[in-house]
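*Asks:* Here it is: the structure, laid out below.
The values are calculated or read from the model by the stated rules, or taken from the named source; none is laboratory data. Everything numeric here is computed off the predicted structure, so don't read it as measured data. FYI the Cβ positions are ideal-geometry reconstructions off the backbone, even for glycines, and counts take in every protein chain you see. For the accessible areas, the whole protein counts, side chains as well, though only heavy atoms, and no ligand, DNA or RNA atoms are used. Shrake-Rupley method; radii C 1.70, N 1.55, O 1.52, S 1.80 Å.
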Amino acid sequence: MNDFFNRQADQHNVRLNKVQQKAVLQTQGPLLLLACPGSGKTTTLIMRIGYLIEEIGIAPKRIKAITFSRASAEDMKSRYEQFFPSLGQVDFSTIHSLAFSVASRYLKSQGIAFTLIEGTTNSNIPTKSQILKDLYKQALKEDCSDDQLQEMMHFISFIKNYMVPQSDWGQATLPNKEAVKITIQYEAIKSQNPAHIWLDFDDLLVLAYEALSNDKNIHAVFSNLYDYVLTDESQDTSRLQHAIVEQLVSSHQNLCVVADDDQTIYSWRAADPSYLLNFKESYPQAKILKMEQNYRSSPN
């Protein structure tokens, strides 16, 4: 134990405080790490991964690190390779990348092809934006501005990520009087060919959760891929994303969740920090640690 921390101090000038060391050493079962900005959470996560591999003997490919953005995933991967260049590759990815893998396998097993209508340059199909603009004009008899389009897209993303049933869509904050009608038509257009459906990014999450919850084979494949799962920036993770992770770790519950419970910037996209407050309800055996020392800012 001390050899690992001494080695990191000597080789990389990384000196972890007592709470950070506890986070590294707490390897079994669920762990919630509440970390304020500048508290060294990314370094702690990387050290925890290194400890699992070097000291516990976990194969790198059995560790999954999930981040909120592609940039964060690349940053964590780069820092891991900087600190532990001789170790094998750990699976760093976004939640959407994971969902894409699950949804792809799920749909293939059902003989259903799909095409993404978001983040694509395929000119043969309309994009999510184009479909919504057309539906908006049909419903409200006027062109859809960029702001109105964003409000409509946020509404659709919110109801999916907050796992709102269709019967309750009208109770959400509506961006316009026809929002529910437009959303129902939008979903119908995407599934008009049952053998080849269109998906947006949020659909990947919905399908991934559906697959992990209802398909025993899919659940077995993905829950058995990893012995340890770590999630970063979890205060900005939606209810649906949390549910996917819960399915992923259901067999072992070796989950490390890192978050700042005082900060979320994506509440409009159904980020659900209440999950952190109720963490013990989902995981009664969970350990909770608080990293409250800010190394980034001056005393003032």
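*Asks:* In square nanometres and to one decimal, what's the mean projected area of the convex hull around the Cα atoms of region 114-245?
*Replies:* Averaged projected hull area, Cα only: 9.9 nm².
*Asks:* Binning every alpha carbon pair distance of region 50-146 at 10 Å from zero, what are the percents per bin?
*Replies:* Distribution as computed: 13, 26, 26, 20, 10, 5, 0 percent.
*Asks:* Find, to one decimal place in angstroms, the Kirkwood hydrodynamic radius of region 21-76, where the mean of 1/r is taken over every pair of different Cα atoms and then inverted.
*Replies:* 12.3 Å
*Asks:* Starting from the residue with the highest accessible area, list Tyr162, Tyr51 in decreasing order, probe 1.4 Å.
*Replies:* Tyr162, Tyr51
*Asks:* How big is region 180-269 by the Kirkwood estimate over distinct Cα pairs, in Å?
*Replies:* Evaluated on region 180-269, it is 15.1 Å.
*Asks:* Okay, moving on. Treating the angle as unsigned and between 0 and 90°, give the value, to the nearest 10°, between the Cα long axis of helix 179-190 and the longest Cα principal axis of the chain.
*Replies:* Here the helix axis deviates by roughly 90 degrees.
*Asks:* To the nearest 10 square angstrom, how much accessible area does Lys61 have with a 1.4 angstrom probe?
*Replies:* The accessible area of Lys61 comes to roughly 150 Å².
*Asks:* With unit charges on the beta carbon (Lys/Arg positive, Asp/Glu negative), name the residue among Phe100, His196, Asn176 whose Cα is farthest towards the positive pole of the charge dipole of the chain.
*Replies:* The residue sitting most towards the positive pole is Phe100.
*Asks:* Something else: Could you order peptides 144-152, 245-253, 222-230 by the average number of other Cβ atoms within 10 Å of their residues, highest first?
*Replies:* Descending packing order for the listed peptides: 222-230, 245-253, 144-152.
*Asks:* Another question, if that's okay. Roughly how many percent of the accessible protein surface of region 109-215 is carbon and sulfur, given a 1.4 Å probe and a whole-percent answer?
*Replies:* Ligands and nucleic acids excluded, carbon and sulfur give 49 percent.
*Asks:* Further, regarding this structure: With the other protein chains left in place, how much accessible area per residue, in square angstrom, belongs to region 27-87 at a 1.4 angstrom probe?
*Replies:* Here the residues of region 27-87 average 38 Å² of exposed surface.
*Asks:* Listed here are the pairs Lys108/Lys133; Lys137/Lys181; Lys160/Lys287; Lys108/Lys190; Lys41/Lys77; which of them are more than 23 Å apart at the Cα?
*Replies:* Correct reply: Lys108/Lys133; Lys160/Lys287.
*Asks:* By DSSP, what percent of the beta bridges with both residues in the chain are antiparallel, rounded to the nearest 5?
*Replies:* 5 percent
*Asks:* So what's the back-of-envelope 222 nm ellipticity for the chain, counting only DSSP H runs of four-plus at -39500 (n - 2.57) apiece and dividing by all residues, rounded to 500?
*Replies:* -14000 deg cm²/dmol
*Asks:* Can you give the Rg/Rh ratio of the chain, where Rg is from the C-alpha atoms and Rh is the Kirkwood radius?
*Replies:* 1.01
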